[in-house]
Each structure stands twice: as structure tokens, then as C-alpha cells.
């Protein structure tokens, strides 16, 4: 189970390095490709778990003037 995060930065917001540090403190890892960060679950997540993680991201990024998109997938597809 993995959650993928895409971040859109603003010139009026926090520095990308600051955003990366904040997301890494939540357990996200930087990655290359279509997504900017990945969160690897240690178990199968339910919809409630994915919402919990999205809430944590929103709280952590509050005030940084960035947008994010999160997508959580299990072996069968989206949660």
C-alpha cells in the first residue's frame, strides 16, 4: 500500500526544501517521476486511513501556500 503526493509550489509560499523537510517528518520519501513524494504503509489501508493521512498533510502544509494532490493505491487499485 502506497500513497503518492504531488505538490504545486507558489513563488509566494514556502521554499521547496522547507516543504520537503515537513513532508519527510510525516514519513514521506522524495521520489522521481509522476509524483513528488511517496508514503509507504506498513499495512493495508482503508479509506479512513487515507483521509487521516490527507488531513495530516493538510495540517502540516497549512500556511505554506502550496497545493497538494494525494493518491492512495493498494494492490488492487485506488483505496
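Please compute the modelled spin-label separation between residue 2 and residue 29, points set 7 Å along Cα→Cβ, answer in nm with one decimal.
Modelled inter-label distance: 0.9 nm.
Residue separation times 0.36 nm, minus the C-alpha to C-alpha distance between residue 69 and residue 42: what's the value?
Full extension of this stretch gives 7.6 nm more.
Determine the calculated [θ] at 222 nm for the chain from helices alone, applying -39500 (n - 2.57) to every DSSP H run no shorter than 4 residues and normalising by the residue count; nearest 500 deg cm²/dmol.
-10000 deg cm²/dmol
Hey, of (1) 51, 21, 19; (2) 58, 23, 18; (3) 39, 25, 18, which did the structure itself give for Cα extents along the principal axes in Å when calculated?
Only one option fits the structure, namely (3).
So how tilted is helix 47-61 from the main axis of the chain? Cα-based, degrees 0 to 90, rounded to 10.
Roughly 10 degrees between the two axes.
Helix 16-25: angle to the longest alpha-carbon principal axis of the chain, degrees 0 to 90, nearest 10?
The angle comes out at about 40 degrees.
Bear in mind that the values in this text are calculations on the coordinates, not laboratory data. All of these numbers come straight from a predicted model, not from anything done at the bench. Ideal geometry is used to build each Cβ from the backbone, glycine not excepted, and the neighbour counts take in all protein chains shown.
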